[in-house]
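The values are calculated or read from the model by the stated rules, or taken from the named source; none is laboratory data. Source: prediction; values computed, not measured. So basically every Cβ, Gly included, is an ideal-geometry build from the backbone, and we count neighbours across all protein chains shown. Heavy atoms of the whole protein, side chains included, go into the accessibility calculation; ligands, DNA and RNA do not. Shrake-Rupley method; radii C 1.70, N 1.55, O 1.52, S 1.80 Å.
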Amino acid sequence: MFRALILLLLIGQLTAGDGAYDPEDYRIRELHAVRLDAPLRLDGILDEDLYNGPSYTEFVQYIPNNGEPGTEKTEIWIGYDDDALYVGARMWDSSPDSIVSRMGRRDDNFNSDLFEVIIDSYHDKRTGYSFQINPSGAIRDESYYNDSWTDLSWDAIWEGKTSIDDQGWVAELRIPYSQLRFNQQDTYTWGIFPTRFIKRRGEWDYYVYIPLTESGLMSKAATLHGIKGIDAPKRRSFLPYLSSTYSNLPSQQSNPFLNGRDGSFGLGTDMKLGIGGSLTLDVTLNPDFGQVEVDPSVINLSAFETFYDEKRPFFVEGRSIFRFGRGGPTNNWGFDWSNPSFFYSRRIGRSPQGYVDVDSDSLNRPPNTRILGAAKLSGKLKNGVSIGVLSALTSREFAEFYLDGVKAQQQVEPLSSYSLLRAQKEIDDGRIGIGFITTLTQRNFTGSSLGGIDGTYTLSDDLAERALTAGLDGWSFFGAERDWALGYWGGISEVRGSRNKITSLQRNSSHYFQRPDADQVTLDSSLTALKGFAGRVMLNKERGNIQVNSSLGVISPGFETNDLGIVSRTDLINKHLVVGYRWVEPTKYYRSFRTDFAYSSNHDFDMVKTGEQFIWMGFFSAVNYWGFNWFFDYVPETMSNSKLRGGPRVISPSGLYLEFGYDSDSRKDIVGNIDYSMSSDDAGGSQVSYSANTELKLGARLNVSFGPSYSSRLSTDQYVTTVADPQNSAMFGSRYVVAQLEQQTVYADIRINYTFTPQLSLQAFFQPFVSAGSYSRFKEFTQPERYEFLEYGHESSTITLNDDGDYIIDPTGGDDSDAFAIANPDFNFKALVGTAVLRWEFSPGSTAYLVWTRNGYNFDNPGTFDLSRDMGELFRAQPDDFVALKVSYWVGK
């Protein structure tokens, strides 16, 4: 009996040992910060008293083997003094010679081992500040919002040192309180989320356990205790800058205003001032908003505006607080839906929007509108209310020109002010949120009186006098574990201006009030204001293997935010439903696998179906870390209310779109991806596209990437123009001309990055771009809500090409009273754009830039594509070159 009892006890011990590790034990964790008698000496050596105390360890894998212990031990220590938080970390490694340590400039994707700590100093479980460092000492920082979304634009002033030894590698971080945001308290409780990345294994280790079937990050952070007796910093800093530019402009050689040369000198400053413990005022005077990297080339044959990413530091930094309608659900899918934006910062300081309606000998038009000054106030109050306020003032701009040998000028941009107010309140640890936004654009047309050759043009015909928007947004999580998230937003707009401006606004591509068969809209040339509304409700399943996502969105015909935001389509009711399943547990066949099925449809406000999609999509991650993704989309026949750009509805043929993608193992020194897509429709249209990208990691300092792309497109109904003809009553008194378009496009994105030290780097970007299109088989739609044509040159109609290269079209033959001419729309656009940036951060927050930019263009041989010939013409084109030097010096604490 005694022996049996001993045997049972031994079996129990063995069983207990086998089951001792449970990742669920690591969901809720705490750390304690230690008060330091003196600041740590940052040298990458753990020899201070802090490291003689207890450490925090036992990290858990997030990937690749979710829930298992980290393959290598990680230890961290937290200390603090009156000015800063200190984090020390020992990344043990059984193969220290395999540690991946690459140089990289600040905020690069280092492709190396990494240590990170995220601090939620508000302890709101939705936001945080991430501080990352790799074994070479390169640093990266970003801010977290909406629980798991990141904004890399945030830049903090902090320090980190590292070292590599025979036991692994070490990191020491000093994070000044001035770079965090928190309200004054006697004792502080913060969120903290330490992580480690082991590059050669593709392994992310977290200090807390998060299953792959769950969404969110900051809401699951560990708790940091022990900080007390510190004051919220006053946060005062200045960043004056000095810049000088020189341009060599062969394209402007004959321009008497430039004579092929241009130059400028700039002086200004940015200022930061802490207001209380959590609000920050940013002010910029005479800012230098030159972009470090040029915008990529693009050929836009649609009626809609092309939008580019913001790259100017003042607007980029901290922009997450101004995002509207994006909180709550961690997945905000949209199908055939372009979410309107209330704030698009590139509206401020954009190219002047007025035009000079003269036959001029020469023209000097400013490329951008000068920003006289701008200010931002942002932060979070003690009651959990986040606030963002922005105001900017731009100057009047004038274009100079010679008319019949006499110098003259015309205002092309009025004095303008832009204002934005954003606030958001989080309730019940972020389970509920509610916020609002309002924007106001005002323009002063003083001095913009008459211009043009006949003195009839006024700037108020092109621009609104005032544009006002307002909106409410929010979210709610449901279920004990926040299983479901509901997000919503709604807004209104009002634009006021002259009758000519409001009429042109009604007619533009976002609205098309002139559509003759649209019962829900009417073009009214007497209006001096345009009003509208929009909104969307989104539902997302946040946990589990089964995925569900749906939404319902509406944009009324009169909704307009383009003075300070973006709206490309209106008169739209959109809805979608996505159901999918994800396999997250690795097997011998895959690491992860996901597939989704989606349905979406669009209607206009007359309840005519204008879009429909049936989608199957997914991705597959193989055991060798290769990835494969696919997207199949069947589009049934529907009505299009935009194909004729203000004309009546016509049929949009059914079609099929397929896309496949492949990604190689990202752990390797040579990585790449390949994408293929094709589409076809029942009218004979088609498109095929190939793209690839290869990145070479050549040693610890040099990265080279090359991404070529080729596409071929055949459209049977590309819009060309609209011609008024009262006799054509079947199409409401107009002829809507379309054509067959054959287009080929080739380009390549080339990037070369060399990092001398984490503070000194050289980056270069180049893009050769060629796109040629040939129009043929010109025709017109003959009936609304049909897909029927009169092809010119048939059924008594004629089409000829005159000596000037224009097409002369007689749609009925015989009497030429209804004949009309159109310019040959063939094109061959070639561009070679590039930039090289030498960046030196000579002290924390202080930077010197030397920038060279090249812009070369060629338009020869329209309508024909010959890659060898076109590339030769492109490289022989004489480019415009731009060189700039900018030095900024940070003063603060």
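For the reader, a short list of remarks on this structure follows.
- Complete set of residues in the range 856-876 that are surrounded by fewer than 17 Cβ atoms within 10 Å (Cβ to Cβ) and assigned to a loop (DSSP other than H, G, I, E, B): 859, 860, 861, 862, 863, 864, 866
- Evaluating residue 800 against the criteria (1) within 30 Å of the chain's Cα centre (by Cα); (2) open to solvent by 60 Å² or more (accessible area, probe 1.4 Å); (3) among the β-branched types (Val, Ile, Thr) leaves one unmet condition, (1).
- Within the range 159-185, considering residues that are in contact with a strand residue (DSSP E or B) (Cβ under 6 Å, 6 or more places away or on another chain) and acidic (Asp, Glu), the one surrounded by the fewest Cβ atoms within 10 Å (Cβ to Cβ): 159
- Test for residue 163: is it touching a residue at least 60 places away in the same chain (Cβ under 8 Å), touching a Phe, Trp or Tyr at 6+ places or on another chain (Cβ under 9 Å) and farther than 23 Å from residue 88 by Cβ: no
- Filtered residues of the range 795-841 (kept if of a type in the set (Asp, Glu) and under 30 Å from residue 756 (Cα atoms)): 841
- Exclusive hit being at pLDDT below 95, under 28 Å from the mean Cα position of the chain (by Cα) and not in a strand (DSSP E or B), set 460, 449, 510: 510
- Residues of the range 235-251 classified as modelled with pLDDT under 85 and outside any loop (DSSP other than H, G, I, E, B), total: 1
- If you go through the range 105-115 and keep only what is modelled with pLDDT of 90 or more, of a type outside the set (Gly, Ala, Ser) and either touching a helix residue (DSSP H, G or I) at 6+ places or on another chain (Cβ under 8 Å) or open to solvent by 10 Å² or more (accessible area, probe 1.4 Å) (or both), you end up with 113, 114.
- Any hit, the range 181-192, residues being of a type outside the set (A, V, I, L, M, F, W, C), touching a helix residue (DSSP H, G or I) at 6+ places or on another chain (Cβ under 6 Å) and modelled with pLDDT under 95: no
- Checking each residue of the range 418-426 against the condition of being modelled with pLDDT of 85 or more and farther than 18 Å from residue 322 by Cα gives no match.
- Condition check for residue 741: of a type in the set (A, V, I, L, M, F, W, C) and without any contact (Cβ under 8 Å) to a residue 40 or more places away in the chain: no
- All conditions but one from (1) within 24 Å of the chain's Cα centre (by Cα); (2) surrounded by fewer than 20 Cβ atoms within 10 Å (Cβ to Cβ); (3) part of a strand (DSSP E or B); (4) not basic (Lys, Arg) apply to residue 156; the one that does not is (3).
- For the range 34-43, the condition of being closer than 28 Å to residue 138 by Cα, at pLDDT below 95 and in contact with a Ser or Thr (Cβ under 9 Å, 6 or more places away or on another chain) holds for at least one residue.
- The residues of the range 159-177 that are polar (S, T, N, Q) and not in a strand (DSSP E or B) amount to a single one, 167.
- Within the range 530-568, the only residue that satisfies the criterion of being aromatic (Phe, Trp, Tyr) and part of a loop (DSSP other than H, G, I, E, B) is 559.
- Residues being more than 27 Å from residue 641 (Cα to Cα), touching a strand residue (DSSP E or B) at 6+ places or on another chain (Cβ under 7 Å) and at pLDDT below 95 - total across the range 809-828: 2
- Here the strands (runs of 3 or more DSSP E) wholly within the range 620-705 that include at least 2 residues being open to solvent by 30 Å² or more (accessible area, probe 1.4 Å) are 627-635, 655-663, 670-681, 686-698.
- Top-ranked residue of the range 537-553 - restricted to ones that are of a type in the set (A, V, I, L, M) and in contact (Cβ under 8 Å) with a residue 60 or more places away in the chain, ranked as surrounded by the most Cβ atoms within 10 Å (Cβ to Cβ): 538
- For the range 583-618, the candidate set comprises residues that are open to solvent by 70 Å² or more (accessible area, probe 1.4 Å) and within 17 Å of residue 548 (Cα to Cα); within that set, the residue that is modelled with the lowest pLDDT is 583.
Per-residue answers, yes or no, for (1) touching a residue at least 24 places away in the same chain (Cβ under 8 Å); (2) open to solvent by less than 10 Å² (accessible area, probe 1.4 Å); (3) part of a loop (DSSP other than H, G, I, E, B); (4) aromatic (Phe, Trp, Tyr):
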site	(1), (2), (3), (4)
67	yes, yes, yes, no
88	yes, yes, no, no
103	yes, no, yes, no
117	yes, yes, no, no
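- With respect to the conditions (1) without any contact (Cβ under 8 Å) to a residue 60 or more places away in the chain; (2) surrounded by 21 or more Cβ atoms within 10 Å (Cβ to Cβ); (3) small (Gly, Ala, Ser), residue 580 lacks only one, and its number is (2).
- Among (1) buried (at least 19 other Cβ atoms within 10 Å of the Cβ); (2) outside any strand (DSSP E or B), the one test that residue 737 misses: (2)
- Residue 254, sole failed condition from (1) in a loop (DSSP other than H, G, I, E, B); (2) closer than 30 Å to residue 330 by Cβ; (3) open to solvent by 30 Å² or more (accessible area, probe 1.4 Å): (2)
- Considering (1) surrounded by fewer than 16 Cβ atoms within 10 Å (Cβ to Cβ); (2) at positive phi, the lone condition that residue 384 does not fulfil carries the number (1).
- If you go through the range 522-536 and keep only what is over 29 Å from residue 333 (Cα atoms) and either open to solvent by less than 10 Å² (accessible area, probe 1.4 Å) or touching a Gly at 6+ places or on another chain (Cβ under 7 Å) (or both), you end up with 528, 530.
- Sole exception among (1) closer than 30 Å to residue 351 by Cα; (2) under 26 Å from the mean Cα position of the chain (by Cα); (3) touching a residue at least 60 places away in the same chain (Cβ under 8 Å) for residue 556, by number: (3)
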